[in-house]
Amino acid sequence: MTSEQLDAFAWAYVLSGRPEQAAIEAKLCEEGDSTAAIRRKAQQALLCDDIQRKVTEYRALLREDRRGDLSARLDELEDARLLAMTLGQPKAAIEAVEAKIRLTGMDTQKRVQIDHVSSDGSAGKQIADPESVAELVRALVG
C-alpha cells in the first residue's frame, strides 16, 4: 500500500465510517473484486498500525475543526442576540438564543423513567421530563 493509498483510506474511513467504501476510494481494490474481496481488503487495511495512527490523527483534526466551527457559529449568534437587544427586537434575540440551544444540542428533551409502587401495592411506571421531576422534588422538600 502506498502512502497516498494509506492517507486516502484513512480519510475516507473517518469521513464515511465505512471501511469497504474507504477501500474502494483509496483504490485498494481491483475493478472486478467481489464484495467479499473488498470487505477482506478493507478489514486488512483497518488492522494496519499506520492506518490506525492516521485514523486517530484525522479524527482528532476533524473534532478540532468542528469545535472551532461550532465556536464561531455560537459567537455569531451571540453577536446577533446582542444586536437584536440593542435594536429593541426581543423576538430576534430570543430566536438567536433558541438557535444556540439547538446548535449545542441542549434542545433534546431527556426523559426520566420513574418506577414506583403505589400505596395499594400495585406497580406502575411513569415517564417524566427532568423539569417535572425537579418540580416534584421541590414540592416534596419545600
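Tabulated data
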{"item": "Any hit, the range 34-43, residues being loosely packed, with under 10 Cβ neighbours inside 10 Å, modelled with pLDDT under 65 and not aromatic (F, W, Y)", "result": "no"}
{"item": "Residue match in the range 87-105 (condition: surrounded by 10 or more Cβ atoms within 10 Å (Cβ to Cβ), assigned to a helix (DSSP H, G or I), of a type in the set (K, R) and modelled with pLDDT of 80 or more)", "result": "no"}
{"item": "In the range 24-45, the residues that are part of a helix (DSSP H, G or I) and hydroxyl-bearing (S, T, Y)", "result": "T35"}
{"item": "Any hit, the range 46-66, residues being outside any helix (DSSP H, G or I), over 26 Å from E98 (Cα atoms) and out of contact with any Gly (no Cβ under 9 Å at 6 or more places or on another chain)", "result": "yes"}
{"item": "R73 being assigned to a helix (DSSP H, G or I) and in contact (Cβ under 8 Å) with a residue 40 or more places away in the chain", "result": "no"}
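The values are calculated or read from the model by the stated rules, or taken from the named source; none is laboratory data. In this text the structure is predicted, and so the values were computed from the model without any measurement. Please note: Cβ atoms are built from the backbone with ideal geometry, for glycine as well, and neighbour counts cover all protein chains shown.
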